[in-house]
Structure formats: C-alpha cells, structure tokens
Amino acid sequence: MFLSVFDVFKIGVGPSSSHTMGPMSAAVRFLDEVAGPDWPRPAGARIDRIKVSLHGSLAFTGVGHGTGRAVVLGLTGELPDQVDPDRMDAIIAGVEQDRKISPPGHPAYHFDPKSDLVFDKKQALPGHANGMTFSAFDQDGNTLLRRVYYSVGGGFVVTDTELEAMKSKTKAPVDKTVPHPFRNAEQMLEMAQRSGLTIAQMKRANEETHMSREELDAGLDRIWSAMSGCIDRGLSGEGIMPGGLKVRRRARILHDKLQDEWRQNRRNPLLANDWLSVYAMAVNEENASGGRVVTAPTNGAAGVIPATIRYVMQFHDGADQQAIRDYLLTAAAIGGIIKTNASISGAEVGCQGEVGSAAAMSAAGLAAVMGGTPEQIENAAEIALEHHLGMTCDPVGGLVQVPCIERNALGAVKAVTAASLAMKGDGQHFVPLDACIETMRQTGLDMNERYKETSTGGLAVNVVEC
C-alpha cells in the first residue's frame, strides 16, 4: 500500500484525529454506503432512523475528545478538511433541536443524539480500540444496514474487512507502482545508496507517479500554510479551553514574553527550547479548542513538526520554501514506515505512537534540511523515537490538554536535540530505526489498556479535576 505524504498530513479539526476526524469521516462514509447500490434493499424498505454506537477508547474518552460532536457533523455531510469551525456549534444545535439529520443528497433521517448516539463502555469491538457501529433502521425498527468502522489513527478509517487486510500487510506484495517502494528503514537506506538520491528525492519520485510536480508542491505548500496558520491562531488565542478542566491558554503570554526579551536583546540560554515550546503549545492549544490543525501524524501530536519548521525558518539561514517541502517529504517517509510497521494510534500503542512518532519524523525532517545524509537522517529519527518508548496516553478528563499540550513542546525539543546529535555523527549507530519501531510495536502490545487513551490510568486518575 502506497502511503502518500497527504495520507500522513491531513487538514482537519481538533481535538483528535482518531476521535474527531476519524469518526466524522466514518459517518460520511456510512452515508455514502446508505446511498450506494452495494447492499440488499428489501422491496419498499425505506431508512427512517440512524443510530451510532462508540466502543473502546472512543466510548471512554469520546466526550472529552468531541467524538459525539464529530459523528453528528459527519452525519450532516460535513468533512474534516472542509467544515467551518465557526459553524460547528450551530450545526450540532440544529440536530439536537430537530432530532433529525438532513445530509445533502439524502432525505431526512431521524437521529436524536441523546438516544441514537451511544457511548458503549461495556462492549469493545474485536478489531481495534477505536471501534464504531453505524446502523440504519426502517420505521418498524428493523435493521436495514449495519457497518463497523475502525478509526486507526491519523484520521484513517477502515472497515473490519479492510482492517484484517492491514493486519496481514507484512505478507502483502511490494508496491510496484512507485520507483522506490521502501517498507522499512533498511530498504530506504539501501535504495538511497543505490540511487544516490536523498530520502526527500525518493519520496518525491514516488509521489510524482500519482500526481504532477506542480500538484505535489502546491499540496505541500498548502499543508505548511495550514500548519503556520494554526501557529499564528494559537499565538493570538486567550482564555480557558473548553471541556471543564479550566486549563488556561498560555502560548500568547509566553510568546509576548519572548518577544519582549528579543526586543531588549536580553540573553537567554534557553532560547531555542522556549521558542520551540511556545510554537508547539500554540498549535495544541488551538487543537484542544477544536480549531483547524494538520495531523502530524495525529492531532494529539500536531504541534511537534510545525514548531520545528517555524523554529528553523526563524533561526537558520537558507530555510526557504523548497527546504520546507524537503522537510515534509522526509518526515512523511519516516511516518509512513512507522505506520506500516507499528502504529501512530494512542489507543493502540500509547503516546509513544503519537508524540514519539512526531518527534522521529520531525528530527528526520530537520536533519534533512541541515544537509544530513540518509544515514544521519535515519539516526535522528531513531534517537527521537527511542527516547519516547513506553510513553503512555493518559489524558486527564479524556481531553487533549493535560499532559498533551506540554508533551508536544517537549517532543519538539527532543526532536531538535536528536537531529543535532545525529548531525554530529557519521550516521553509524547501535540501534537501527527498524528495531526501535518494532520495539514500540511490542511495547504497545504489552501496555495495559488503562494507559492507552482510555483515561482509566496514569495522570487521568491521579489528578483531581477542578
């Protein structure tokens, strides 16, 4: 399976790619199936009501993550990358008042969020922690259509059949549609050595088998524009973030202090860390508030890569638009390897799969911009991921706020440190990236479910909510 850079970086809304963007996409997909010809319709049968049940992590933390809201928006036909964040509350209020949904191209269906949207904490679906069941009924309550979907991280949604195919991906044939079909880091380095190309150049060549160079560059520029815009919105935001924890947005205050130090030419030995942190926090405060973000590779880890790019542009000479494209292509190559061989889902492997993966991708992108060899880039990714191994996903109140916002800041700092260490070496190192990714996968399998985005362990139960 070819994973495009645009599979790794998706524009959507917060606070969670697996709990918000995925369920919204699943709802739209169900509507497409309802309207499609590929299911047996009894003669004269007409869909009257739609019901949705959320399972596993979606049930346990769905309220805090806005999963129910996302499902309602999707059932009205809204798409994650196109919905207007300023209209979402009004759309949801209309459905709650009318107890109906009227998606474009469909008749109206009965749907009362209070009774037809169920957070089922008792029954987990077998395929993945983020499971959903969508059902359509006739006027007499007979089931006409039932579909199971899984939100597997990064906004990806698959059916149970598609999930089984993904689980057997190690037996899948090599993708012959691209010139450099690397599935792991070892293959990537071998292909780079044979071709004499950089990782970004190989990833570009693969992408350009599916689109023109102009389309690719325009798409990459659109991704960075969305990331940069998210930083700017986050730096201007104030007040309390939604959800009930009463956590105050801090990015603007911290940014104003840094700007004041900058104007006064005041010495600050922690300058790099401070700027990285404020940019990452700006993104994740915007994400926590339901704003527009880019999965990188998930919403919960969306701040690491934008923070690092903005830092590079601000403090490193020669960081132009082409450098940003190379950064994103390199980061996407590493993200694709991680997703193919392990997971980027906090509900599946904990936060090591989210912020850990983001730090690895970010370190690789930064090393590429700094002129690193493929071996140094792979080393940078390995260092960053290795030092996130075992990190749990334990959001307080099921909200993507504590510890998630600060965790992105620390992830960006680790990414820059990893790239710096790798660039001071020759690319030779003890632990291969592939071994680190496999370790992350195994650690995720061994991790207790309480620490995988269920908010039933860790900080989620040891911090008193105020």
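The values are calculated or read from the model by the stated rules, or taken from the named source; none is laboratory data. All values derive from a computational prediction rather than experimental measurement. When we count neighbours, we look across all protein chains shown, and the Cβ atoms used for this are built from the backbone with ideal geometry, even at glycine. Surface areas here come from the heavy atoms of the whole protein model, side chains and all, with no ligands, DNA or RNA. Shrake-Rupley method; radii C 1.70, N 1.55, O 1.52, S 1.80 Å.
From the list Glu238, Glu261, Glu208, exactly one residue is under 30 Å from Thr177 (Cβ atoms) and open to solvent by 20 Å² or more (accessible area, probe 1.4 Å). Which is it?
Step by step, each of Glu238, Glu261, Glu208 is checked, and only Glu208 is under 30 Å from Thr177 (Cβ atoms) and open to solvent by 20 Å² or more (accessible area, probe 1.4 Å).
Pairs only if they're at least six apart or on different chains, beta carbon under 7 angstrom, first in region 339-360 and on the phi > 0 side of the Ramachandran plot, second among the hydrophobic types (A, V, I, L, M, F, W, C) and open to solvent by 10 Å² or more (accessible area, probe 1.4 Å); list them, first residue then second.
Correct list of pairs: Gly350/Met391; Gly350/Cys393; Gly350/Met447.
Output the residues belonging to region 105-119 that are of a type outside the set (D, E, K, R), open to solvent by 20 Å² or more (accessible area, probe 1.4 Å), over 15 Å from Met24 (Cα atoms) and touching a helix residue (DSSP H, G or I) at 6+ places or on another chain (Cβ under 9 Å).
Result: Gly105, His106, Ala108, His110, Val118, Phe119.
Out of the residues in region 241-258 that are open to solvent by less than 60 Å² (accessible area, probe 1.4 Å) and either without any contact (Cβ under 8 Å) to a residue 12 or more places away in the chain or in a helix (DSSP H, G or I) (or both), which is nearest to Val283 (Cα to Cα)?
So the residue we want is Ala251.
For Glu375, work out the one condition from (1) touching an Asp or Glu at 6+ places or on another chain (Cβ under 8 Å); (2) within 14 Å of Ala422 (Cα to Cα); (3) buried (at least 24 other Cβ atoms within 10 Å of the Cβ) it doesn't fulfil.
(3)
Wholly within region 370-466, which helices (runs of 4 or more DSSP H) include no fewer than the required count, namely at least 1 residues that are at pLDDT 95 or above, among the acidic types (Asp, Glu) and farther than 22 Å from Ile324 by Cβ?
So the answer is 374-386, 404-423, 433-446.
For Ala59, indicate whether it is assigned to a helix (DSSP H, G or I), touching a helix residue (DSSP H, G or I) at 6+ places or on another chain (Cβ under 7 Å) and within 27 Å of Gly444 (Cβ to Cβ).
Criteria not met by Ala59.
Do you know which residues across region 308-333 are without any contact (Cβ under 8 Å) to a residue 40 or more places away in the chain, more than 23 Å from Ser357 (Cα to Cα) and either open to solvent by less than 10 Å² (accessible area, probe 1.4 Å) or part of a helix (DSSP H, G or I) (or both)?
Gln314, Gln322 - these are the residues of region 308-333 that are without any contact (Cβ under 8 Å) to a residue 40 or more places away in the chain, more than 23 Å from Ser357 (Cα to Cα) and either open to solvent by less than 10 Å² (accessible area, probe 1.4 Å) or part of a helix (DSSP H, G or I) (or both).
For region 126-159, what are the residues that are farther than 16 Å from Val28 by Cα, open to solvent by 20 Å² or more (accessible area, probe 1.4 Å) and in a strand (DSSP E or B)?
Of everything in region 126-159, those that are farther than 16 Å from Val28 by Cα, open to solvent by 20 Å² or more (accessible area, probe 1.4 Å) and in a strand (DSSP E or B) turn out to be Phe137, Thr143, Leu144.
What are the residue pairs meeting all of these: first residue in region 263-274, first residue more than 17 Å from Val312 (Cα to Cα) and in a loop (DSSP other than H, G, I, E, B), second residue open to solvent by less than 70 Å² (accessible area, probe 1.4 Å) and modelled with pLDDT of 85 or more, Cβ atoms under 7 Å, and 6 or more apart or on different chains?
That search, which allows pairs on different chains as well, returns Asn268/Glu261; Asn268/Asp274.
Of the numbered conditions (1) under 22 Å from Lys10 (Cα atoms); (2) open to solvent by 10 Å² or more (accessible area, probe 1.4 Å); (3) assigned to a loop (DSSP other than H, G, I, E, B), Glu162 satisfies every one except a single condition; which is it?
(3)
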